[in-house]
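Q: Got a structure for you, written out below as structure tokens; questions coming shortly.
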Amino acid sequence: MSKPRTIEGRWWLQGEGQPPHFGTLSFDPEKGLGLIVKVPHNRTPLQLLRRSVEKLKVPEVIYGKDAQDHDVTLFGCSDIKCSRSLGLDSYEITDIGAAILDCRVPAWEEARFPFAQVRYTLLTRWLNRYVRWENDKKDDTVKDGCMCLRFKEHEEMEFELSSDVRLRIAGTCLRASSRDEFSLSWEHSIWFLFKTPLPPKPILEEYAFAFLRLLCLLSGERVFIEELRFWDADPFGPGHHHKPLGSFELLMRSEGIAEAERDLHAAHMIAGFDEIAADFSGILKRWFECHDKLRPVLDLFFSVVSNWVLTDESRFLFLAQALEVYHARSTHFSSTEGPESEHERRMKAILETAPEKERRWLERKLAFSNQKDLSRRIDEFLKAHKDEATRLTAKIDDFATKVRVSRNYYTHYSEKHLESGKVATGLELRRIVYALSALLEICLLKELGIRGKPVERILERNASIVWGDLEKGAPTGPKREGERPVGGGGPETAKTGDVSGEALDQLAAEIWDQDDRHAPPTHPAR
């Protein structure tokens with residue numbers, strides 16, 4: 001899904017019962033899919049006029065054949081435009097949800113695949129696989145003037161997610177050579193093996209994207225799907241060399257992939273594979289259980305991490321809501337002030353003493369009175385992660401109160417909240433956003449049973465952010481020393497006062513200058 005391409009062929013734009021017409025399918029990972037189809041005609045001006053007032057219809061699923069007569073199926077087609085002349089109609093469909101190559105199925109929900117292969121950005125880097133020289137005491141590297149290189153050509157690791165689903169990590173050492181040059185590189189994929197074939201939607205949402213989020217969390221970077229293929233048989237299974245295998249590539253929009261990080265070394269990630277390999281099977285199972293149980297929390301958190309939410313106010317609201325939902329769904333907390341039976345007894349007693357005409361109003365007001373309010377949830381959340389919260393909020397006065405009041409203000413925009421002086425704005429709000437993001441990140445690691453150095457790295461990353469204020473003559477943060485923060489926005493707009501443009505440029509260059517964070521470190525990673 002990361003490579004732009006153009007597919008010319010025949011397209012059944014008017015349905016299977018009608019003749020196909022020549023057209024071109026274009027795919028750009030940043031913009032998505034688009035189809036232009038040319039339909040020749042031989043008609044009179046009156047016929048053209050009649051056609052021009054007809055309402056355009058586009059089938060949700062469009063079949064095609066490429067130049068090699070391979071099937072292509074387009075799903076979720078809409079937004080059709082047409083330009084007409086006496087001899088030619090040109091149709092353009094600019095909104096196509098997805099395409100599956102070498103596949104012909106009547107509907108997105110009716111496609112079924114038993115195997116899926118996914119390549120992710122940073123997967124190989126996270127696994128920390130690389131080619132290196134090895135000296136064997138029994139067989140020197142250099143012999144008879146020739147240099148020998150020994151390398152592992154292929155590896156497989158398989159893990160059970162459930163009785164119906166297995167996950168395989170497969171890597172291959174790719175070789176390329178010419179007369180005077182030879183190169184090797186590792187390429188890894190994640191395979192999902194389903195006991196019962198599944199449609200594309202659950203494969204994507206419940207497995208491919210779920211693992212992508214895990215890789216985001218462990219690497220500390222945005223991760224994208226480079227390629228996704230469905231298979232009708234296991235290419236690693238017995239007898240796979242003796243029968244043809246069907247491979248069906250999925251094309252979907254993946255905005256942001258053009259700028260994806262691809263060279264980050266594992267030592268600069270939150271938790272590389274080598275560090276958690278001993279318990280990785282358990283971590284995988286816990287993650288997929290966690291992804292199901294805490295799905296709303298993860299949706300909110302990763303919307304911020306992935307920069308889908310741009311303003312500080314919206315980012316703050318998403319994270320504050322994620323904290324609330326985490327408290328409500330996590331087994332570490334109780335959402336209610338007391339047992340439901342006791343609450344119902346108390347409500348009944350209160351309602352019986354109230355005037356009859358006021359009972360319905362009072363019942364609505366008391367309906368959720370047993371639920372803990374935001375203030376209680378924040379206090380319990382911070383207490384449960386006291387050490388980490390203390391370090392992350394050390395320079396933010398009255399953190400819990402400001403989160404509560406700011407959340408209520410940015411939800412309702414009440415002047416009463418603003419007059420309290422506890423509404424965070426500007427740079428302070430951004431600092432709170434980063435503290436909340438780090439706290440949730442740590443909570444997710446703990447849900448997976450990951451503690452120690454990975455948690456410490458998150459704390460140190462947050463502590464190393466250089467904060468500034470353009471009002472005081474320095475660029476606004478945040479900026480981690482030597483790197484851009486995950487999901488961080490650029491400097492916020494502010495008045496520059498008497499600071500000259502030249503001075504600002506110099507300060508910005510000092511703050512945003514990056515060190516060589518992609519090379520293997522010569523010291524332990526922070």
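The values are calculated or read from the model by the stated rules, or taken from the named source; none is laboratory data. Just so it is clear, the model here is predicted, and its values are computed rather than measured. Backbone-built Cβ (ideal geometry, glycine too); neighbour counts: all protein chains shown. Protein only, heavy atoms only, side chains kept; ligands, DNA and RNA dropped before computing areas. Shrake-Rupley method; radii C 1.70, N 1.55, O 1.52, S 1.80 Å.
Q: Restricting the first residue to the stretch 371-395 and requiring it to be over 22 Å from Leu459 (Cβ atoms) and polar (S, T, N, Q), which pairs with a second residue that is in a helix (DSSP H, G or I) and open to solvent by 20 Å² or more (accessible area, probe 1.4 Å) meet a Cβ separation below 6 Å and a spacing of at least six or different chains?
A: Ser375/Arg404
Results for (1) in a strand (DSSP E or B); (2) open to solvent by 70 Å² or more (accessible area, probe 1.4 Å); (3) modelled with pLDDT of 90 or more, shown as yes or no for each residue.
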site: Val131; (1), (2), (3): no, no, no
site: Leu149; (1), (2), (3): no, no, no
site: Glu158; (1), (2), (3): yes, yes, yes
site: Leu167; (1), (2), (3): yes, no, yes
site: Gly171; (1), (2), (3): yes, no, yes
site: Arg175; (1), (2), (3): yes, yes, no
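Q: While we're here: Within the stretch 375-382, identify whether any single residue is surrounded by 21 or more Cβ atoms within 10 Å (Cβ to Cβ) and out of contact with any Phe, Trp or Tyr (no Cβ under 8 Å at 6 or more places or on another chain), and answer yes or no.
A: Checked the stretch 375-382: at least one residue is surrounded by 21 or more Cβ atoms within 10 Å (Cβ to Cβ) and out of contact with any Phe, Trp or Tyr (no Cβ under 8 Å at 6 or more places or on another chain).
Q: With the checklist (1) part of a helix (DSSP H, G or I); (2) surrounded by 13 or more Cβ atoms within 10 Å (Cβ to Cβ); (3) modelled with pLDDT of 90 or more in hand, flag the one item Asp387 doesn't pass.
A: (2)
Q: Here is a further query. Which one is farthest from Leu284 (Cα to Cα) among residues in the stretch 177-199 that are at pLDDT below 95 and open to solvent by less than 70 Å² (accessible area, probe 1.4 Å)?
A: Among those residues, the one meeting the criterion is Ser178.
Q: Does Thr94 qualify as being among the polar types (S, T, N, Q), over 30 Å from Arg168 (Cβ atoms) and in contact (Cβ under 8 Å) with a residue 24 or more places away in the chain?
A: yes
Q: Next question. Scan the stretch 236-243 and tell me whether some residue there is open to solvent by less than 30 Å² (accessible area, probe 1.4 Å), free of Cβ contacts under 8 Å to residues at least 12 places away in the same chain, in a loop (DSSP other than H, G, I, E, B) and farther than 20 Å from Leu74 by Cα.
A: yes
Q: Considering only the stretch 75-118, how many residues are under 30 Å from Gly237 (Cα atoms) and open to solvent by less than 40 Å² (accessible area, probe 1.4 Å)?
A: Count: 14.
Condition check ((1) surrounded by 14 or more Cβ atoms within 10 Å (Cβ to Cβ); (2) within 13 Å of Phe399 (Cα to Cα)) across all residues:
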position	(1), (2)
His412	no, no
His417	yes, no
Leu429	yes, yes
Tyr434	yes, yes
Ala438	yes, no
Cys443	yes, no
Gly449	no, no
Gly452	no, no
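Q: Now for a separate question. Residues being at pLDDT 80 or above and open to solvent by 90 Å² or more (accessible area, probe 1.4 Å): count how many of those fall in the stretch 41-70.
A: 2
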